[in-house]
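Take a look at the structure set out below.
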Amino acid sequence: MASKSAPSKTVVLVGSRKGLFVLKSDDGRKTWRADGPHFLGQIVNHALMNPATGTILVAVRAGHLGPTVFRSTDGGKNWKEAATPPAFPKNPNEGAGDNYGWVVNHVFWLTRGHVSEPKTWYAGSSPHGLFRSEDDGVTWQSVNGLNLHPDRLKWLGGAQESPPDGATLHSINVDPFDKNHLLVGMSSGGVFESYDRGANWKPNNRGIAADFLPDPNAETGHDPHCVQMHPTVRDVVYQQNHCGIYRLERAQNRWTRIGDNMPKAIGDIGFPVVLHPRDPATLWVFPMDGSTVWPRMSVAGKPAVYCSRDSGKSWVRQDKGLPPAQAWFTVKRQAMSADQAAPVGLYFGTTSGEVWCSFDEGKKWQCLMLHLPHLYSVEAYTL
Amino acid sequence: MKVKLPTPLVEYTDGIREVEAIGDSLDALLFDLDRRYPGMRFRMIDEQGQIRAHIKLFVNAELQRSLVVSLRPSDEILIVAALSGG
């Protein structure tokens, strides 16, 4: 893919605990304006755009009301609710089994379908559920190959096993070279893949540490935090896991812990992992304190991004412009993103309501917005 | 019959707090509300047909815990979005 050069238009969708903010630049990222909040006071777990069609989808939940998805086809001027939001299959009878009777608490993750299917979207929910829309987000159907899989509860380690914000299905990846190949992450549960559009699934967790499980070599029950498939290079997949940073060796279908190459004082625990849109060897992570009780804050109160240019063999600290001390925020799994310009712009949103950005691939950082609510998602687009 | 709505639901009614709906049961009434204001029912009732945790339904000021409740045209329905923290 040819790189897009500035000046360009950039849109950054920022989801928060209290609404959606839209940041826009029309002059190659020199000046910015903020639009919003949309859905004031409502929880926005994820917001995504399809740059090819302009459709924006937003996963929304109000504190009192059930979860839903809103969509806009005019750049966010008007919003319309999905006619049939993501929902689990209705329990057909009392003896239908433990896979029935589930209720979507919130839609947690959104992913665009394959480029050849511009009206297809996927949604992941808490508790673990996968849903697909084939009409640009108007109606959603349960992907029953996963949601009703007979081994599902065994994979998840039981319904009681869930992280603090709820058990989730996230990191939905559609293979850019095969529209029927899906890869998802489940917390907990692990990484799972389907090569038939979601009808059948297999775990893919070999090589991933699981030091919280009785069997550290278990095939399932892992805790991927964020899994990203490269958008333009075949078979390049990186993962930020509860137990480190990994690269998938596709030939062996085995993960290598590239986080072992991080500085020991920093460790390799965090939530987001962001890939360079063109270079398959470049990725960024945002380490956090995952020691003892899992504080989930910047290590030692000194936030930093770490970048690898060699597929994880070595890492460089990128903290120029970030607070040098006493900054205790962190970054959630869908709150860090790269645009598609050259050089690549990086953006992350913090748990303390700040949006930070870098327009030189992480060498220098600047704060784009302050005083926002707790930030859940950041997605950047070069138009 | 009259249905009084909580503020989180008035985005469906252009801000109107009191609307009309019909139905011979609470379940039927909520389907009629959804016909008039598409999407409203799912925000109150989950996919398994259960009333969501923070929604309370009153018929003539009496709290109902089931949708299988007969209604008369003279009944008054109050829907409350219960307080759920900060």
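The values are calculated or read from the model by the stated rules, or taken from the named source; none is laboratory data. None of the values given here were measured: they were computed from a predicted structure. Ideal geometry is used to build each Cβ from the backbone, glycine not excepted, and the neighbour counts take in all protein chains shown.
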When you scan the stretch A:340-352, do you find a residue that is in a loop (DSSP other than H, G, I, E, B), polar (S, T, N, Q) and on the phi > 0 side of the Ramachandran plot, even just one?
no
Restricting to the stretch A:155-202, give me the number of residues that are at positive phi, in contact with a helix residue (DSSP H, G or I) (Cβ under 8 Å, 6 or more places away or on another chain) and modelled with pLDDT under 95.
1
Tally up the residues in the stretch B:28-40 that are facing chain A (nearest Cβ under 10 Å) and either touching a residue at least 40 places away in the same chain (Cβ under 8 Å) or of a type in the set (V, I, T) (or both), please.
0
Residues located in the stretch A:259-273, provided they are closer than 22 Å to A:A327 by Cα and either among the basic types (K, R) or surrounded by 18 or more Cβ atoms within 10 Å (Cβ to Cβ) (or both)
A:M262, A:K264, A:I266, A:D268, A:I269, A:G270, A:F271, A:P272, A:V273
Consider A:G36 against the criteria (1) at pLDDT 95 or above; (2) in a strand (DSSP E or B): it satisfies all of them except one. Which criterion is unmet?
(1)
Considering residues of the stretch A:39-53 that are assigned to a loop (DSSP other than H, G, I, E, B) and touching a residue at least 60 places away in the same chain (Cβ under 8 Å) only, the residue surrounded by the most Cβ atoms within 10 Å (Cβ to Cβ):
A:N50
Selection count where residues are of a type in the set (S, T, Y), buried (at least 23 other Cβ atoms within 10 Å of the Cβ) and more than 15 Å from the chain's Cα centre (by Cα), scope the stretch A:337-378
1
By residue number, the members of the stretch B:1-21 that are loosely packed, with under 14 Cβ neighbours inside 10 Å and free of Cβ contacts under 8 Å to residues at least 24 places away in the same chain are B:D14, B:G15, B:I16, B:R17, B:E18, B:E20
Select from the stretch A:198-212 the residues that are touching a residue at least 40 places away in the same chain (Cβ under 8 Å) and either within 17 Å of A:H181 (Cα to Cα) or over 23 Å from the mean Cα position of the chain (by Cα) (or both) and list them in ascending order.
A:G198, A:A199, A:N200, A:W201, A:P203, A:N204, A:N205
If we keep just the residues of the stretch B:1-27 that are β-branched (V, I, T) and within 14 Å of chain A (Cβ to nearest Cβ), which is nearest to B:A81 (Cα to Cα)?
B:T7
Those residues of the stretch B:49-86 which are assigned to a loop (DSSP other than H, G, I, E, B), closer than 14 Å to B:L30 by Cβ, within 9 Å of chain A (Cβ to nearest Cβ) and not basic (K, R) amount to B:G49, B:Q50
Given the condition over 20 Å from A:E81 (Cβ atoms), crowded, with 17+ Cβ neighbours inside 10 Å and within 14 Å of chain A (Cβ to nearest Cβ), answer yes or no: does some residue in the stretch B:41-48 qualify?
no
Of (1) within 14 Å of chain B (Cβ to nearest Cβ); (2) in contact (Cβ under 8 Å) with a residue 60 or more places away in the chain, A:L23 satisfies all except one. Which?
(1)
